[in-house]
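The values are calculated or read from the model by the stated rules, or taken from the named source; none is laboratory data. In this text, all values refer to a predicted model and were calculated from it rather than measured experimentally. Using ideal geometry, Cβ is built from the backbone for each residue, glycine included, and neighbour counts are taken over all protein chains shown. In case anyone asks, the SASA skips ligands and DNA or RNA and just uses the protein heavy atoms, side chains included. Shrake-Rupley method; radii C 1.70, N 1.55, O 1.52, S 1.80 Å.
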Amino acid sequence: MKNIIHVEHPLLKNLVTKLRNINTSSYDFRKYLSEVGRILLVEALKNEKITLKEVETWVGKGEFPVLEEERYVFIPILRAGLPMLDGVLEMMPMAQSGFLAIKRDEKTLKSVLYYDRVPPLKGKTAVILDPMVATGGSLDYAVKTVKQKNPERIISLNVIGAPEGLQKISENHPDITVYIAQIDERLNDRGYIIPGIGDAGDRAFNTE
């Protein structure tokens with residue numbers, strides 16, 4: 001799985017453990033997802049091309065390196081990806097946002113798209129945000145949907161995943177890069193990540 005980047009960092013390990021804790025409040029759960037999103041974004045963009053921009057400083061005008069934030073479109077998968085969007089937009093407030101709502105049929109484990117509000121992506125870098133990659137169905141569906149909009153490239157930022165789902169993404173989409181904070185042991189017979197963090201959407205928004 002060459003296109004799956006397991007980001008090894010003590011801060012990420014610490015945050016994932018906080019997310020696993022069933023006593024973590026919804027407020028803190030959203031905050032930790034946001035923080036993981038920021039760290040993954042730093043890793044994903046560490047080799048990005050920068051340009052020079054004229055800036056007026058206290059000692060006069062000069063040219064300094066900037067990232068063209070407008071070339072990036074952050075696309076959370078609703079609901080669980082929303083806290084990650086908050087985190088990355090704090091770092092790149094001039095970037096665009098798009099939204100995909102995909103739910104998993106709990107009987108068939110297949111994904112269903114029921115909302116697509118993604119802007120034109122030609123010439124853009126699309127960054128998909130989704131805390132969990134379990135069976136890989138939702139992310140696979142999201143990538144296929146985003147590819148139809150012809151972005152320049154696709155990056156996925158994910159918090160936790162199972163080997164089965166990540167293998168599926170690697171095989172189906174070798175042209176994208178996935179940055180993930182934690183790869184767990186396996187899926188159970190219901191398609192849930194073990195040990196995982198539970199249902200990220202329910203825990204983030206205090207629903208059942």
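Taking the radius of gyration and the Kirkwood hydrodynamic radius from Cα positions alone, what is the Rg/Rh ratio for region 1-93, to two decimal places?
Values: Rg = 16.7 Å, Rh = 15.5 Å.
Computed over Cα atoms, the ratio is 1.08.
Trypsin sites (Lys or Arg not before Pro) within region 1-68: which are DSSP loop residues with at most 14 other Cβ atoms inside 10 Å? Provide the component values of the computation, followed by the final result.
Values: sites: Lys2, Lys13, Lys18, Arg20, Arg30, Lys31, Arg38, Lys46, Lys49, Lys53, Lys61; in loops: Lys2, Lys46, Lys49.
Hits after loop and neighbour filter: Lys2, Lys46, Lys49.
Just to confirm the number: angle between the C-alpha axis of helix 163-172 and the first principal axis of the chain, 0 to 90 degrees, nearest 10?
60 degrees
How much accessible surface area, in Å² rounded to 10, belongs to the heavy atoms of Met94 with a 1.4 Å probe?
Approximately 110 Å² of Met94 is accessible to the 1.4 Å probe.
Accessible area per residue for region 53-93 in Å², computed with a 1.4 Å probe and the full protein assembly in place, what is it? Write out the running numbers ahead of the final one.
Numbers: 2390 Å² over 41 residues.
The answer is 58 Å² per residue.
Please compute the per residue accessible area over region 147-208 with all protein chains in place, 1.4 Å probe, rounded to a whole number of Å². All intermediate terms of the calculation are to be shown ahead of the outcome.
Working: 3020 Å² over 62 residues.
Per residue, region 147-208 has 49 Å² of solvent-accessible surface.
As an exercise, identify the GluC sites (Glu not before Pro) in region 38-91 lying in DSSP coil whose Cβ has no more than 16 other Cβ atoms within 10 Å.
Glu48, Glu68
Roughly speaking, what is the stretch gain from Gln167 to Glu152, that is 0.36 nm per residue apart minus the C-alpha to C-alpha distance, in nm to one decimal? Numbers along the way, then the final one.
On the way: separation 15, 0.36 × 15 = 5.40 nm, distance 2.32 nm.
Going from the current span to full extension adds 3.1 nm.
Expressed in whole Å with the largest first, what are the equivalent ellipsoid semi-axes of region 73-119 derived from the C-alpha gyration tensor as the square root of 5 times each eigenvalue? Before the final figure, lay out the partial values.
Numbers: eigenvalues 122, 26, 5 Å².
One finds semi-axes of 25, 11, 5 Å for region 73-119.
Could you tell me the largest-minus-smallest coordinate of the C-alpha atoms of the chain on each of the three principal axes, in descending order and whole angstroms?
63, 38, 31
I'd like the carbon and sulfur percentage of the solvent accessible area for region 40-199, probe radius 1.4 Å, heavy atoms only, ligands and nucleic acids excluded. Could the numbers behind the result be given before it?
Details: 4160 of 8250 Å².
After summing per-atom areas, the C and S share lands at 50 percent.
Which entries in Lys2/Lys168; Lys124/Lys149; Lys122/Lys147; Lys31/Lys149; Lys124/Lys168; Lys31/Lys144 show an alpha-carbon gap greater than 19 Å? The partial results should precede the final answer.
Numbers: Lys2/Lys168 13 Å; Lys124/Lys149 10 Å; Lys122/Lys147 10 Å; Lys31/Lys149 31 Å; Lys124/Lys168 25 Å; Lys31/Lys144 29 Å.
Lys31/Lys149; Lys124/Lys168; Lys31/Lys144, as the Cα separations exceed 19 Å there.
Which of the trypsin sites (Lys or Arg not before Pro) found in region 163-195 are in a DSSP loop and have at most 13 neighbouring Cβ atoms, other than their own, within 10 Å? All intermediate terms of the calculation are to be shown ahead of the outcome.
Working: sites: Lys168, Arg186, Arg190; in loops: Arg190.
Sparse-neighbourhood loop trypsin sites (Lys or Arg not before Pro): Arg190.
Given that compact globular proteins tend to follow 2.2 N^0.38 Å, what is the ratio of the alpha-carbon Rg of region 81-187 to that value? Display every interim value, and only then the final one.
On the way: Rg = 13.4 Å, N = 107, 2.2 N^0.38 = 13.0 Å.
Here the Cα radius of gyration is 1.03 times the empirical estimate.
Angle, helix 137-147 long axis vs. longest principal axis of the chain, Cα atoms, 0 to 90°, nearest 10?
With rounding to tens, the tilt is 30 degrees.
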